[in-house]
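The values are calculated or read from the model by the stated rules, or taken from the named source; none is laboratory data. Values in this document were obtained by computation on a predicted structure and should not be read as measured data. Quick reminder, even Gly has a Cβ in these numbers, built from the backbone with ideal geometry, and neighbours come from all protein chains shown. The accessibility values were calculated without ligands, DNA or RNA, using every heavy atom of the protein model including side chains. Shrake-Rupley method; radii C 1.70, N 1.55, O 1.52, S 1.80 Å.
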Amino acid sequence: MTFGTDRDRPGHHLKPVANYGRLPALPERPAPAPEEDDSIDLHEYWRILLKRRAVVLSVLATVLAVTLMATLLMLPEYRATATIQIKPDVGRILAYDDFESSPGGSQGIQQFLTTQHGVLASRSLAEAVVRNHDLADHPELAGEVRQRSIVAELRGLVRLILGAIRPGDSQADAGQQAAAADAEERAVGAATSRLQGRIEVEPQRNSQLVRVSYVSFDREFSAEVANAVVREYIDGTMQRRYDAGSDARRFLQEQLQEMRIALERSDWELADFARRVRVSDLAANQEMAREGLSSLNERLEGVRGELVQLAGWRELVQQGRLDHLDPVVNSATIAELQTRLLDASTEYAALSERFLDDYPTVAEVLRRTELLRAEIAAEKQRIADGILGRFETLRAQESALEQAIAEREERIMALNEQAVQYNILRREHETNRELYDGLLQRMKEIGVAAGVQESNIAVIDAAQVPGGAFRPVLTKNLAMASMLGLMIGMGLALLLEFLDRTVRHADDIERLVELPVMGLVPLEPANDPAGEGRPLPGVRNALSHCSAQRPDSAISEAFRSLRTSLMFSTPEGMPRTLLVTSTSQGEGKSTTAVNLGTVIAQNGARVLLIDADLRRPALHRDFARPRAPGLTNAIAQSEQGASLDRALIHETEVEGLSVIPAGHATPKPTELLSSSRLSRVIAECRELFDHVIIDAPPILGLADAVALSRMVEGVIVTVAAGQTGKENFRVAVRRLQQVQAPLLGAVLNRIDLKNPDYAYCSSDYYGYREVPASEEPGKLPISKAS
């Protein structure tokens with residue numbers, strides 16, 4: 001194989017990347033925002049169940065097997081059923097209500113029926129059946145006969161082994177049980193618990209009918225116990241009614257005695273109070289006192305009204321303004337005297353014009369005038385004295401009336417207080433009388449009602465001996481086990497899928513880091529339809545050389561698809577220098593690098609593989625070449641200023657594909673790979689070859705791949721489906737993004753095309769090829785040239 005510069009390579013098919021060594025800083029990709037999708041993807045669930053169908057089927061088979069064994073071990077059980085009617089309303093023989101309250105309304109009736117259903121399933125009823133029918137020693141109720149099951153058999157085996165190992169303990173236990181004084185009570189209690197657990201009460205919907213069933217291993221015993229439960233229920237109900245009547249009579253007798261004493265005491269207290277306050281008719285006394293008080297109030301109002309008028313006149317009198325008094329103005333005597341005075345004055349005026357005042361006639365008129373004036377003044381003074389006297393009289397009457405009213409009010413208040421005490425005593429006496437009469441009447445009613453109560457329970461169908469066992473039913477148990485097994489299996493499958501934190505789908509990669517998936521590499525099939533292929537001499541890893549040995553295989557086609565994706569990964573075409581790395585070891589980065597180099601070389605390009613994994617190199621083993629000299633030697637030579645030694649480049653069996661092994665081991669691989677000397681070596685290799693592919697160490701835990709990522713034009717991260725952890729992959733990509741590495745995408749390898757995760761890939765996903773003419777009968781072979 002010959003080497004040369006880019007100018008010496010005619011027909012170079014890809015444009016070289018400009019400004020090599022000064023790669024532009026790529027912006028850091030933002031972290032993907034989580035998408036909230038509340039919709040349920042049924043197809044996703046179906047895919048998970050198909051993928052983990054082995055888990056579902058294993059759980060289903062286990063549950064079915066356990067159910068089958070348990071069903072075959074079980075003893076047949078028989079169920080006898082009796083039907084009874086429970087009537088909430090009992091027929092009234094008496095004209096009055098009995099001493100038991102009857103349910104009222106639909107809610108009350110439902111509560112009554114629910115209570116009766118609880119009584120039927122109660123422990124007291126079961127204990128009555130055990131005691132009255134001597135069932136404590138029955139083998140089934142004593143525990144000698146019990147249902148077989150896998151758990152019970154295992155427990156019995158454990159008890160048997162423990163009893164054989166420690167016989168003394170069982171004897172001590174037996175001695176303690178024999179010494180117990182209440183052994184019979186414990187037997188009755190154990191039998192009661194077992195019998196109660198086998199009683200079934202089933203009310204019929206929208207009716208008063210109730211089905212009472214008993215389950216037993218003996219068909220005849222099941223019918224006997226079912227009928228015995230019904231009989232004890234009826235007898236117990238009647239006994240409770242009778243006991244309720246007896247309790248009521250006893251209670252009423254005690255209440256009657258107490259009420260009789262209370263009635264007599266209240267009667268004596270009422271009579272003693274009436275005698276102490278000396279009243280025969282308290283209500284009449286109160287009425288008389290109220291009428292007298294009303295009369296006094298009326299008189300007082302009249303006096304006060306007249307006093308108001310006299311007070312005004314008295315004020316005028318004191319001021320000497322007698323002429324303004326109404327009695328003076330309205331007095332007929334004064335009016336007559338004033339008329340006479342006016343006449344005398346008129347007469348004097350007429351005489352004074354002709355005679356002097358000493359004239360006898362004139363003097364007489366003057367004397368008469370003075371007398372009239374004196375009489376008028378005397379009359380006014382008499383009226384004023386009368387007003388003053390009347391005012392004082394009314395003042396005295398007002399005081400007397402106020403005192404009388406106050407005394408009358410005090411009397412009324414005293415009567416009211418006496419009436420309150422009297423009414424309290426009277427009401428207490430009347431209440432005691434009514435209670436005593438009611439209790440006495442109720443006592444008589446209960447005495448009659450207790451003897452005429454009829455049963456409200458009727459036996460519609462007595463329990464008959466069952467014709468066959470009702471359980472176990474193998475088909476029913478297997479059907480239920482199938483449903484249970486499927487639910488458990490599907491739940492376990494979903495749980496395992498939820499707990500699986502590895503990358504399995506291309507969507508996982510795009511969702512985690514928003515990187516494109518550039519290729520899907522399937523697992524190597526057990527029987528490749530492409531045949532055994534063409535073996536390469538000297539190679540040790542057949543999978544790494546699958547693209548060379550079996551060019552028609554699905555794996556080879558997957559890497560050719562990756563090659564095509566790389567051609568369109570950048571505007572300049574396929575990057576000239578590529579770095580292939582992975583999250584951690586064992587994820588197929590070396591296999592990816594070799595197969596990718598092979599398919600690019602098969603396309604006519606010259607490709608150089610560089611093993612930069614100085615810690616765990618693999619390419620020298622894959623191509624059966626010596627590890628040294630190699631990359632470390634080339635870096636050392638570059639430090640001395642020498643050009644790349646062509647002897648370090650080894651040709652391979654694939655035309656156009658060469659390899660530089662790792663070289664000698666070095667104690668400081670990170671410092672060696674991050675040096676500028678390596679950049680010069682890569683630049684020289686880029687001048688000699690169309691493409692340089694570097695197999696780098698894993699990213700996590702090492703700085704080698706991060707340092708190498710800044711020296712290439714593109715980085716590819718290899719992801720192993722079902723192996724690479726999601727968080728590890730996210731951290732690895734973040735480390736590359738932090739140094740602004742030219743990330744192109746990821747390659748998801750080791751995918752199982754038969755897995756439902758890749759249901760979109762048919763079995764011929766990478767098997768689309770020309771069908772030989774010999775395989776198509778009736779058709780002429782067509783040459784490939786056509």
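Please find the FRET efficiency linking GLN318 to GLU417, where r is the Cβ-Cβ separation and R0 is fixed at 56 Å, and quote it to the nearest 0.05.
On the way: r = 48 Å, r/R0 = 0.85.
According to the calculation, E is roughly 0.70.
Restricting attention to the stretch 364-450, which trypsin sites (Lys or Arg not before Pro) occupy a DSSP loop and are surrounded by at most 11 other Cβ atoms within 10 Å?
Values: sites: ARG367, ARG368, ARG373, LYS380, ARG382, ARG390, ARG395, ARG408, ARG411, ARG426, ARG427, ARG433, ARG442, LYS444; in loops: none.
Hits after loop and neighbour filter: nothing returned.
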- line: Expected unfolding gain across SER58-ARG427 under the 0.36 nm per residue rule, minus the alpha-carbon gap, is 124.3 nm
field: Centroid-to-centroid separation of the stretch 668-742 and the stretch 376-440 [C-alpha atoms, Å]
entry: 120
Pairwise label distance in nanometres, GLN110 with GLU409, each label 7 Å out on the Cα-Cβ vector: 6.4
task: Report Rg/Rh for the stretch 246-381, rounded to two decimals, where Rg is the Cα radius of gyration and Rh the Kirkwood radius.
output: 1.72
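Leaving ligands and nucleic acids out of the surface, order ASP134, ASP343 by accessible area at 1.4 Å, largest first. Spell out each step's value before the answer.
Numbers: ASP134 130, ASP343 95 Å².
Solvent-accessible surface, decreasing: ASP134, ASP343.
What does the C-alpha gyration tensor say about the overall shape of the stretch 384-526? Classify as rounded when a/c is under 1.5, otherwise prolate if a/b is larger than b/c, or oblate. Present the calculation step by step, with values, prior to reporting the outcome.
Working: a/c = 10.88, a/b = 2.06, b/c = 5.28.
Judged from the Cα gyration tensor, the stretch 384-526 comes out oblate (a/c at least 1.5, b/c at or above a/b).
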message: Can you give me the solvent accessible area of CYS546 with a 1.4 Å probe, rounded to the nearest 10 Å²?
response: 0
statement: In nm, the gap between the two label points placed 7 Å beyond Cα toward Cβ at MET69 and SER124 is 4.6
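Using R₀ = 25 Å, calculate the FRET efficiency as 1/(1 + (r/R₀)^6) where r is the Cβ-Cβ separation of ILE488 and ASP752; round to 0.05.
On the way: r = 25 Å, r/R0 = 1.02.
E(calc), rounded to 0.05, equals 0.45.
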query: For HIS43 and ARG250 in one chain, what is 0.36 nm times their gap in residues minus the Cα-Cα distance, to one decimal in nm?
result: 67.0 nm
message: Taking a ≥ b ≥ c as the square roots of the Cα gyration tensor eigenvalues, with a/c under 1.5 meaning rounded and otherwise prolate when a/b beats b/c, else oblate, which class fits the stretch 201-266?
response: prolate
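Accessible area per residue for the stretch 413-522 in Å², computed with a 1.4 Å probe and the full protein assembly in place, what is it?
Details: 6310 Å² over 110 residues.
The answer is 57 Å² per residue.
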- prompt: Say each of ALA183 and ALA683 gets a label point 7 Å from the Cα, pointing the same way as Cα to Cβ; how far apart are those two points in nm?
  reply: 10.5
